[in-house]
Amino acid sequence: MNKKIMDIDSVEVWDGNMAAAQALRQADVDVVAAYPITPSTPTVENYAGFHANGYVDGEFVMVESEHAAMSACVGAAAAGGRVATATSSQGFALMIEVLYQASGMRLPITLVQVNRALAAPLNVNGDHSDMYLGRDSGWINTCAFSPQEAYDLTLCSFKIGEHLDVRLPVIVNQDGFMTSHTAQNVITLDDETADKFVGPYKQVNAMLDFSKPVTHGVQTEENWHFEHKAKQHAALMASTKVIDEVFAEFEKVSGRKYNRLETYKMEDAEVAIVALGTTYESAQLAADKMRAQGIKAGVVAPRVLRPFPLEELAATLQNVKAIACMDRSAPGGTVGALYNEVCGALFNTPARPVVSNIIYGLGGRDMTIATLCEIYAELDKDAKSGKRNGALQRFVGVRGPELSFYNK
């Protein structure tokens, strides 16, 4: 634990950036290497402030780019330290090459990712383009829908990634501005409780352990590369057990329960919205309004995007008649990624709901409760008729004539 304790109240008013920065401080990170980029800059600024004021015993390294930031993280983690960083959007895109190095080397780095649109055109507001960009990089991906969850999941990330049965890096996503810059009440853990929950860092094959010399980042061609990647995937898939255990342990110390798949009023739902990020909470308000009108509406959100909760999602949606998969990212010439995930989960099951794909909120465009209610009303029509009453994919909230695809 850091030698200097910070006196924080049991309830603080923090935005998502401050919540993540406080979690990094309490996790007693050895090295944070970062380069600022909107909207994740305050995570780094706040942490640098803690360091400057003596609340952080570890090192804070300001580098010249995000590629350098992740490279420094890889080096520090390989040396045997607990490591973290934060970034967004173009910065995350610049890290991509090194993300694969981190996961392939099985280095449990924590990355606080404040989701933002990818240029061009340049846009600093939130959507899930960067989240989708990194989903196949071999990192565990968790999704926070509020500042409270940004704090909680950042603490959990160290315990998940560093578990000896996992040893993989973890991304903690939060929506740019909608979470990162929205101040809400955050129920905190004191420094000692947080430190005890995260636990001490356990070195594995540390390069600075000169008594056991090792090589990191070696070259493997066709003779071993396949086995290496298969083992990496197996570790990622098996991390679900550890994630469940860490969430259960966190509930004991905090009273807050997390699941790899979050649901709202799905027990009898006939129509459902599947979404990520802050839309999960907005859709809950819309579902309540629709239920007041007699429509059995529910909401589903993957808390953990990787490893994807495929079986849990399929089981949850078995009795649903119509589903809208909400993708907050430009689909780039096909259906959205979340639509693909949901359809893939259902394909080998008895369920045959009507599934549509909604593209929304790009570059920070608002998603309103009224619009979500309209989506539920369309789903209700689909459910009652047993077929789609419009195109498979629709862009909702975009100006101009209706934009839809796959109309047959």
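Screening residue 120 against (1) open to solvent by 10 Å² or more (accessible area, probe 1.4 Å); (2) in contact with a helix residue (DSSP H, G or I) (Cβ under 9 Å, 6 or more places away or on another chain); (3) hydrophobic (A, V, I, L, M, F, W, C) leaves a single unmet condition, (2).
In this structure, residue 58 does not qualify as surrounded by fewer than 18 Cβ atoms within 10 Å (Cβ to Cβ), at pLDDT 95 or above and within 22 Å of residue 150 (Cα to Cα). If you go through the stretch 230-281 and keep only what is part of a loop (DSSP other than H, G, I, E, B), within 21 Å of residue 346 (Cα to Cα) and out of contact with any helix residue (DSSP H, G or I) (no Cβ under 9 Å at 6 or more places or on another chain), you end up with 267, 268. Within the set of pairs 6 or more residues apart or between chains, which connect a residue that is closer than 14 Å to residue 154 by Cα and in contact (Cβ under 8 Å) with a residue 12 or more places away in the chain inside the stretch 172-184 to a residue that is β-branched (Val, Ile, Thr) and open to solvent by less than 10 Å² (accessible area, probe 1.4 Å) with Cβ atoms less than 6 Å apart? Matching pairs, first to second residue: 172/112; 172/142; 172/154; 174/114; 180/114. When the criteria are applied in full, residue 204 meets the requirement of being part of a loop (DSSP other than H, G, I, E, B) and touching a Lys or Arg at 6+ places or on another chain (Cβ under 9 Å).
Residues in the stretch 182-201 that are open to solvent by less than 80 Å² (accessible area, probe 1.4 Å) and in a loop (DSSP other than H, G, I, E, B): 182, 183, 188, 189, 199, 201.
Pairs linking a residue in the stretch 307-323 that is closer than 28 Å to residue 381 by Cβ and free of Cβ contacts under 8 Å to residues at least 40 places away in the same chain to a residue that is of a type in the set (Val, Ile, Thr) and not in a helix (DSSP H, G or I), with Cβ atoms under 7 Å and 6 or more positions apart or on different chains, are 314/349; 318/349.
In the stretch 207-231, the residues that are farther than 18 Å from residue 168 by Cα and among the charged types (D, E, K, R) reach residues that are in a loop (DSSP other than H, G, I, E, B) and open to solvent by 100 Å² or more (accessible area, probe 1.4 Å) with C-beta atoms within less than 7 angstrom, at least six apart or across chains, in these pairs: 209/203. If you go through the stretch 9-29 and pick out every residue that is of a type outside the set (Gly, Ala, Ser), in a loop (DSSP other than H, G, I, E, B) and out of contact with any Asp or Glu (no Cβ under 7 Å at 6 or more places or on another chain), you end up with 3. Of all the residues in the stretch 374-408, those that are open to solvent by 30 Å² or more (accessible area, probe 1.4 Å) and part of a helix (DSSP H, G or I) number 6.
Taken over the stretch 311-362, the criterion of being open to solvent by less than 20 Å² (accessible area, probe 1.4 Å), in a loop (DSSP other than H, G, I, E, B) and either among the hydroxyl-bearing types (Ser, Thr, Tyr) or under 18 Å from residue 264 (Cα atoms) (or both) is satisfied by 317, 320, 329.
Here is a check on your reading of the model: is residue 86 surrounded by fewer than 21 Cβ atoms within 10 Å (Cβ to Cβ) and either in contact with a Cys (Cβ under 8 Å, 6 or more places away or on another chain) or of a type in the set (Gly, Ala, Ser) (or both)? No.
Can we say residue 371 is surrounded by 15 or more Cβ atoms within 10 Å (Cβ to Cβ), among the polar types (S, T, N, Q) and either out of contact with any Cys (no Cβ under 9 Å at 6 or more places or on another chain) or touching a residue at least 40 places away in the same chain (Cβ under 8 Å) (or both)? Considered against the rule, which asks whether it is surrounded by 15 or more Cβ atoms within 10 Å (Cβ to Cβ), among the polar types (S, T, N, Q) and either out of contact with any Cys (no Cβ under 9 Å at 6 or more places or on another chain) or touching a residue at least 40 places away in the same chain (Cβ under 8 Å) (or both), residue 371 comes out as yes.
Rundown of residues vs (1) outside any helix (DSSP H, G or I); (2) of a type in the set (A, V, I, L, M), yes/no style:
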position: 49; (1), (2): no, no
position: 57; (1), (2): yes, no
position: 61; (1), (2): yes, yes
position: 71; (1), (2): no, no
position: 76; (1), (2): no, yes
position: 85; (1), (2): yes, no
position: 91; (1), (2): no, no
position: 94; (1), (2): no, yes
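The values are calculated or read from the model by the stated rules, or taken from the named source; none is laboratory data. Remember, it's a predicted structure, so these values are computed and weren't measured experimentally. Neighbour counts run over all protein chains shown; Cβ positions are idealised from the backbone, glycine included. For the accessible areas, the whole protein counts, side chains as well, though only heavy atoms, and no ligand, DNA or RNA atoms are used. Shrake-Rupley method; radii C 1.70, N 1.55, O 1.52, S 1.80 Å.
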